[in-house]
Amino acid sequence: MNDAAKTLIARAMSEASAPTSFSAYAPSNIALSKYWGKRDRARNLPLNSSLSISLADWGSHTQVAPSDTGQDQVSLNGEALALDTSFASKALNFVDLFRGNNETPLNITTKNTIPTAAGLASSASGFAALTRALCGCFGLDLSEAEMSLIARLGSGSASRSLWHGFVRWDKGVAENGADSFAHPVSVDWPDFRIAIIPVDTGPKSHSSRDGMNHTVDTSPLFEAWPAQAEKDCNAIERFVREKDFTALGQHAEANALAMHATMQAARPAITYLNARSWSILDQLWRARQKGLEAYATMDAGPNIKLIFEAKSASDIQSEFPDAQIIAPFEHS
Ligand code: ADP
Ligand code: DP6
C-alpha cells in the first residue's frame, strides 16, 4: 500500500525546481491532550487524537541549501555534526524522502531555541521546520495541511508544529495515513500563558518514541488509554473554544498524569519524572489550594510545564522563580 505522505512528496517533487537556499521557522509545541501510542509505527499514525499549544518563538530555525562541498552537511546550533550521528542520520533520512535517489547534496543548518531532546519537543519543531525548509528549497507547492502530513513521518508531534496557537491532530483512520494530519483550532487567547519549570534540560535517557512503544507493548494500563485520550482531546478542544480555563486546566493535567501512569505500569517501568518534578507538582497543588490557578502538564522528560492566565503571571514567578514564561500568542 502506498503511503499517503510519500505519494504526496513524489507528486510534488515531479514538478520541483532546482534547489535554492531556503530558511524556515517552526515553533515547538506542548500537548494539552497527549499523543501516546501508535497504530502504525513506521508512519507515526497515532491511536488517539491530540491537541497542543505552540511555543511562539521557542522552536527551530532551519535552512536547507545546495551543498558547496559536493557532500551532505548537517549542523546543529552552529556545530557541524558527523553524518553518522543519530541526529544527522535521522535528518538526512527525512531529506531522502524528498530527493530520493537523486542524491542532490544539501547543507542543513538548524538552530533550536529550545534544549534538544529534553522533553521540550525539539523533535516537533525540528521536523516541522525541516519540512517547510525542504518544500521551500525545492519550490514545492504544498499546503500547510499537506506539510503537516509529511512532517508526521519525521515525528508525530511535528504534525502539530506547522502553526502557532492551538492545534489539533486528528488521528485519522486510513491505513495509508491520508487523513492523519493537524489543523489549527482558531481561537485567539492572548492571555493564555505557559511556564517551563526546568528540572533537567540535558538529553533524556530514552526518547519519547522508545518510551511510547515500550508502554504500548508492556503496560497493562495502556488498554484504557486510547479511548480516554480521545475523550479528553474532544473535551479539551471544547474548553479551548469556550475559553473555559478551569475545565481546560483540570482536563489537561489529568490527561498528562494518566499518560505518566501508563508508563509507570510498563514492565519495566519508565519514569521520566524525577523527585524534583514531583516536588514541583506538590508545590503547585499546595499553591492551588491557596488560590493560585495553574495546571501542570509533563511530557517525556522531567521538566514541568504550567498553564495559567496572564493575571497569575506574577504569582507564578514568585512561587517558581526559575519559571520561564511564554506568551504563545505573542510571536515574531
Ligand atoms: P524532544 O523532547 O526534544 O522532542 P526527542 O528525543 O523526542 O526529544 O527528539 C529529539 C530528536 O529530534 C533529536 O535527536 C533529533 O533527531 C530531532 N531533532 C531535534 N531538533 C531538530 C532539528 N532542529 N532539526 C531536525 N531534527 C531535530
Ligand atoms: C509525550 O512526537 O516525539 O510529547 O512520533 O515517535 O517521534 P514520535 O514521538 P513524539 O512523541 C511526543 C510524545 C509526547 C506527547 C505529545 O507531544 O503529544
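Please treat every number below as a calculation from the coordinates, not as lab data. Values in this document were obtained by computation on a predicted structure and should not be read as measured data. FYI the Cβ positions are ideal-geometry reconstructions off the backbone, even for glycines, and counts take in every protein chain you see.
Put a dot 7 Å past the Cα of Thr271, heading toward its Cβ, do the same for Ser67, and the two dots end up 4.4 nm apart.
For the chain, the 222 nm mean residue ellipticity estimated from helices alone, with every DSSP H stretch of n ≥ 4 adding -39500 (n - 2.57) and the total spread over all residues, rounds to -12000 deg cm²/dmol. For the listed peptides 15-21, 256-262, a ranking on the average number of other beta carbons within 10 Å per residue, highest first, reads 256-262, 15-21.
Between the amide H of Ile304 and those of Ile197, Val199, distances stay under 5 Å, these residues lying 5 or more places away or on another chain, with hydrogens modeled in the peptide plane. On full extension, the segment bounded by Ala254 and Glu230 gains 7.3 nm, given 0.36 nm per residue less the C-alpha separation.
Length gained on full extension, Thr218 to Asn93, computed as 0.36 nm times the residue gap minus the Cα-Cα distance: 42.1 nm.
In the stretch 4-184, the alpha-carbon atoms span a convex hull of 103 Å³ per residue.
Residue-wise HN-Hα couplings along the stretch 239-251, as the Karplus relation 6.51 cos²θ - 1.76 cosθ + 1.60 with θ = phi - 60° gives them from phi, are 5, 5, 5, 7, 6, 8, 5, 4, 5, 4, x, 4, 5 Hz; Gly and Pro carry x. For the stretch 220-236, the Karplus equation 6.51 cos²θ - 1.76 cosθ + 1.60, evaluated at θ = phi - 60°, returns couplings of x, 7, 5, 3, 7, 5, x, 5, 5, 5, 5, 5, 4, 4, 5, 5, 5 Hz by residue, with Gly and Pro reported as x. Structure remark: mean-square fluctuation, Gaussian network model of the chain, C-alpha springs under 10 Å; the largest value among Gln250, Gln63, Gln289 belongs to Gln289. Once you divide the Cα radius of gyration of the chain by 2.2 N^0.38 Å, the number left is 0.98. With Cα atoms defining each centre, the stretch 7-39 and the stretch 260-332 are spaced 29 Å apart in the structure. The stretch between Val187 and Leu83 holds 33.3 nm of extra length on full extension. This uses 0.36 nm per residue minus the Cα-Cα distance.
Shape class for the stretch 84-171: oblate, because the ratio a/c of the largest to smallest gyration tensor axis (alpha-carbon atoms, square roots of eigenvalues) is 1.5 or more and b/c is at least a/b. Here's how it looks for Trp58: its modeled amide H is under 5 Å from those of Ser28, which are all 5 or more places away or on a different chain. Would you mind pulling out the separation of the Cα centroids of the stretch 176-209 and the stretch 43-87, in Å? Result: 16 Å between the Cα centres. Couplings for the stretch 177-194, taken from phi via the Karplus curve 6.51 cos²θ - 1.76 cosθ + 1.60 with θ = phi - 60°, read x, 4, 10, 10, 8, 9, 8, x, 9, 7, 10, 9, 9, x, 8, 6, 10, 10 Hz in order; Gly and Pro are left as x.
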